[in-house]
1. Within region 72-80, is even one residue outside any strand (DSSP E or B), within 27 Å of the chain's Cα centre (by Cα) and modelled with pLDDT of 90 or more?
2. Going by the structure shown, is residue 63 free of Cβ contacts under 8 Å to residues at least 40 places away in the same chain, surrounded by 12 or more Cβ atoms within 10 Å (Cβ to Cβ) and not in a loop (DSSP other than H, G, I, E, B)?
3. Here are some conditions: (1) surrounded by 14 or more Cβ atoms within 10 Å (Cβ to Cβ); (2) closer than 21 Å to residue 44 by Cβ. Residue 147 meets all but one. Which one does it not meet?
4. Just to check your reading of the model, which residue among 103, 125, 153, 139 is over 17 Å from residue 57 (Cβ atoms), loosely packed, with under 13 Cβ neighbours inside 10 Å and modelled with pLDDT of 90 or more?
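The values are calculated or read from the model by the stated rules, or taken from the named source; none is laboratory data. These numbers were taken from a predicted model, which means no experiment stands behind them. For neighbour counting, all protein chains shown are included, and Cβ atoms are generated from backbone atoms with ideal geometry for every residue, glycine included.
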């Protein structure tokens, strides 16, 4: 004995409506997940940038010491470590910053320029072990400083 199943137009419409609601629900969930993921990625980038700002700020302090040294001695300083920077330029780098820098040097490969190099550590795998450089060249208006290095440009100051 077979049973005859009767499907009304109302039931067919309800099935279609349920499918549409399910599709809209899934789309909304995917949108929320996408926005959350984007915010997590942005938060990571801002955390790295804030820690890198601490390093670059101290490099700017060293640059001020280099300028003063150059004006007094009419030559560029040579500092092969953070202790030499402290004694030669009078810039004491904070403990928090030295936790983020494995080394910092000041040298002058050519008479017309000086380079401050900091090697990053303890921030993030995207920047750890890479260098940030601040290169200074004499100009008519003083020393012109330019940022560079092997750190991704996203994390290096523009000016």
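1. Of all residues in region 72-80, those outside any strand (DSSP E or B) come to 72-78, 80.
So of that shortlist, the ones also within 27 Å of the chain's Cα centre (by Cα) come out as 80.
Filter once more, keeping what is modelled with pLDDT of 90 or more: 80.
Yes, some residue in region 72-80 is outside any strand (DSSP E or B), within 27 Å of the chain's Cα centre (by Cα) and modelled with pLDDT of 90 or more.
2. In short, no.
3. The failed condition is (2).
4. That would be 125, the only listed residue that is over 17 Å from residue 57 (Cβ atoms), loosely packed, with under 13 Cβ neighbours inside 10 Å and modelled with pLDDT of 90 or more.
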